[in-house]
1. Test each condition in (1) surrounded by 23 or more Cβ atoms within 10 Å (Cβ to Cβ); (2) on the phi > 0 side of the Ramachandran plot; (3) not polar (S, T, N, Q) for Gly112 and report the one that comes out false.
2. Quick one: in segment 10-40, of everything that is hydroxyl-bearing (Ser, Thr, Tyr) and either farther than 29 Å from Leu54 by Cβ or not in a loop (DSSP other than H, G, I, E, B) (or both), which residue is nearest to ligand 2 (Cβ to nearest atom)?
3. Taking Asp281 as the residue in question, decide whether it is farther than 27 Å from Arg179 by Cα, free of Cβ contacts under 8 Å to residues at least 40 places away in the same chain and touching a strand residue (DSSP E or B) at 6+ places or on another chain (Cβ under 9 Å).
4. Which condition number in (1) within 10 Å of ligand 1 (Cβ to nearest atom); (2) modelled with pLDDT under 95 is the one that Thr18 fails?
5. Restricting to segment 88-114, name every residue that is among the small types (Gly, Ala, Ser) and either free of Cβ contacts under 8 Å to residues at least 12 places away in the same chain or assigned to a loop (DSSP other than H, G, I, E, B) (or both).
6. Which condition does Gly33 not pass, out of (1) away from ligand 1 (no atom under 16 Å from the Cβ); (2) without any contact (Cβ under 8 Å) to a residue 40 or more places away in the chain, if it passes all the others?
7. So Ser290 fits all but one of (1) without any contact (Cβ under 8 Å) to a residue 60 or more places away in the chain; (2) over 22 Å from Val162 (Cα atoms); (3) within 16 Å of ligand 1 (Cβ to nearest atom); (4) buried (at least 19 other Cβ atoms within 10 Å of the Cβ); what number is the exception?
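The values are calculated or read from the model by the stated rules, or taken from the named source; none is laboratory data. Because the structure is a prediction, the values reported are computed rather than measured. Cβ: placed from backbone, ideal geometry, glycine included. Neighbour counts: every protein chain shown.
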Amino acid sequence: MATDTFGRIVDYLRISITDRCNLRCVYCMPAEGVKWRDRSEILTFDEIERFVGLAAAEGIARIRLTGGEPLVRPGVADLVRRLRAVPGIKSVALTTNGALLPRLARDLAEAGLDGVNISLVSLDPEVYSRVTRGGRIADALAGIDAAFAAGIPTVKLNVVVVRSLAQDPLAFARMTIERRVHVRFIEYMPVGDGDDCAPGEVGGGWNRAEQVGSDETLARLNDGAIAAGIGPLVPLDGLAPVGRGPAEYHRFEGAKGTVGFISALSHPFCDTCNRLRLTADGKLRTCLFSDDELDVRTVLRYGTDSGVQSVIRAAVAAKPESHDMRVGTSRPMSQIGG
Ligand code: SAM
Ligand code: SF4
């Protein structure tokens, strides 16, 4: 079991398997896009599998594949199968924009994928297309249906809340009434270039005015739900319906799914942080907001197993106590993996 300097058990690893993406969401990537890393810089599946085996021996038990868009990397279902078979790994999940799920959901389910988080920023086709810079809402919705049809055990929807997008939280939350889907509202985070984290159409980049605290989203949601005769939400009091992530969950009486809030800024959950992040180019990050990276790719390519394990231990030991409300990181969210 890996325990960090602040007594937190680190048993969760997010792996970005590609920096490439088929969309360019305004809160994640700059308008001009990101220069893709050369393929030789990206970890191979053999390297990822070896790393996960060594990380499992250090106490990592749950994996999430992310990106960029993980489903654009050929053979992703094979990778899921390989990681699911690593001794000590209890779950492998994936975060995706969903557009390629109609093609891949069945293979992923057969490979043993435990859960999928699908990002859905808006239910309005025009807004969705504008914010994702060309994405089609129909593809994302078809991806959700495909995940259910394939029988992937857990399906969650990620909604990044941005003030100028004027999203209607109730429209998303209604989806949990008839479907066992877990909708999570995520506070827009200042990850990316300096103090202009996500330049683009979202009000000129991240700033406090664009960020909406979860308390406000919950209050709006409850007002709307009560007016519509379906609310209010009932808190699940720290009991996550699935997993052990940072979301605080609620449920409408009798609903099949839940509504969660991920409030990194308004209610930081650093004291329960259980994770490391591996970037597609093989750097271990100790915190989403910290630019301290440990180079594991070089050790994977030219070093020994015990060398890799030393890097994992060093990363756990270097986890900062909190993100300290830092604004801006050296890499955009698409390179870190969220
Ligand atoms: N392409 C996949 C997707 O969009 O789900 C996986 C990678 S994406 C970087 C991972 C998650 O980060 C997504 O749920 C996305 O909505 C979220 N995200 C991206 N930029 C964000 C930001 N500035 N603040 C909060 N969440 C963000
Ligand atoms: Fe791509 Fe996901 Fe970032 Fe959108 S949020 S640009 S889909 S990596």
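1. (1)
2. So in segment 10-40, the residues hydroxyl-bearing (Ser, Thr, Tyr) come out as 12, 16, 18, 27, 40.
With the extra rule that they be either farther than 29 Å from Leu54 by Cβ or not in a loop (DSSP other than H, G, I, E, B) (or both), the set shrinks to 12, 16, 27, 40.
Values: Tyr12: 19, Ser16: 9, Tyr27: 7, Ser40: 22 Å.
Looking at residues that are hydroxyl-bearing (Ser, Thr, Tyr) and either farther than 29 Å from Leu54 by Cβ or not in a loop (DSSP other than H, G, I, E, B) (or both), I get Tyr27.
3. Values: farther than 27 Å from Arg179 by Cα: yes; free of Cβ contacts under 8 Å to residues at least 40 places away in the same chain: no; touching a strand residue (DSSP E or B) at 6+ places or on another chain (Cβ under 9 Å): yes.
For Asp281, the condition - farther than 27 Å from Arg179 by Cα, free of Cβ contacts under 8 Å to residues at least 40 places away in the same chain and touching a strand residue (DSSP E or B) at 6+ places or on another chain (Cβ under 9 Å) - is not met.
4. Only one criterion in (1) within 10 Å of ligand 1 (Cβ to nearest atom); (2) modelled with pLDDT under 95 is unmet by Thr18, namely (2).
5. Within segment 88-114, the first condition is being among the small types (Gly, Ala, Ser), and the residues that meet it are 88, 91, 93, 98-99, 105, 109, 111-112.
Within segment 88-114, Gly88, Gly98, Ala99, Ala111, Gly112 meet the criteria.
6. (1)
7. (4)
Conditions (1) at pLDDT 95 or above; (2) touching a Gly at 6+ places or on another chain (Cβ under 6 Å); (3) acidic (Asp, Glu), marked per residue:
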{"site": "Leu123", "(1), (2), (3)": "yes, no, no"}
{"site": "Gly135", "(1), (2), (3)": "yes, no, no"}
{"site": "Lys156", "(1), (2), (3)": "yes, no, no"}
{"site": "Val159", "(1), (2), (3)": "yes, no, no"}
{"site": "Leu170", "(1), (2), (3)": "yes, yes, no"}
{"site": "Ala173", "(1), (2), (3)": "yes, no, no"}
{"site": "Thr176", "(1), (2), (3)": "yes, yes, no"}
{"site": "Gly200", "(1), (2), (3)": "no, no, no"}
